[in-house]
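What follows draws every value from the coordinates through simple rules; no lab data is involved. Being a predicted model, the structure only gives us computed values, none of them experimental. Don't worry about glycine lacking a Cβ; one is built from the backbone with ideal geometry, like all the others, and counts go over all protein chains shown.
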Amino acid sequence: MPANPESPFTNTSWLTTGKNNAPVIAVHAQPGAKRTAVVGVHGDRLKIALASPPVDGKANATLIKYLSKGLGVSKSSVRLLSGDTSREKRIEVVGLSTDDLLEALKKLLSDG
C-alpha cells in the first residue's frame, strides 16, 4: 500500500493505547533512507524513514533514538513492543499523554 501524502493527523488509526494508557504507535519503518524523519502514513501506520540500514538492530536503535529525542523522553521510555525484524513495528511511549505525543509528532513532521 503506498504512502498517503495527507497529514497523518487527519486519521490517527496508527495510534492506540497500551498498558496503563501509554500511547502505542503503529510504525511502518523505511530503513536505508537519506534522512530520519516522519514522512506520512502507510496504510494504518505512521511511516518513519530511517537513515540506518536494517542490519544488526541499527534501524531499531535509530528509530528509538529519533523518537525519544523528538518526543522529549528518555530512550528507556520508548519501547519496541513488536516488529524487531520487520518494517511493521509497535512502539510504546511511556510518560506522555496521547495529546502530548500527537503535538510532539506534529512538530517532528513540520521540522522534516
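SER68 to SER97: extension gain in nm, 0.36 nm per residue of separation minus the Cα-Cα distance? Don't skip to the answer; put the middle values down first.
Values: separation 29, 0.36 × 29 = 10.44 nm, distance 1.42 nm.
Net length gain for the segment: 9.0 nm.
If a/c stays under 1.5 just call it rounded; otherwise compare a/b with b/c (prolate if a/b is bigger, oblate if not). Do that for the chain, with a ≥ b ≥ c from the square roots of the Cα gyration tensor eigenvalues.
Cα axes put the chain in the rounded bin.
Taken about its Cα centre, the chain carries a charge dipole of about 340 debye when Lys and Arg each add +1 at the Cβ and Asp and Glu each add -1 at the Cβ.
Placing dummy labels 7 Å off each Cα toward the beta-carbon, the span from LYS75 to LYS58 is 1.6 nm.
Placing dummy labels 7 Å off each Cα toward the beta-carbon, the span from ASP84 to PHE9 is 3.4 nm. Across the chain, Cα pairs under 8 Å and at least six residues apart give a relative contact order of 27 percent.
Quick one: work out the % antiparallel among DSSP beta bridges in the range 19-92, nearest 5.
Numbers: 13 of 18 bridges.
In the range 19-92, DSSP labels about 70 percent of beta bridges as antiparallel.
Only the Cβ atoms of Lys and Arg (+1) and of Asp and Glu (-1) were treated as charged; on that basis the dipole of the range 25-86 about its Cα centre amounts to roughly 240 debye.
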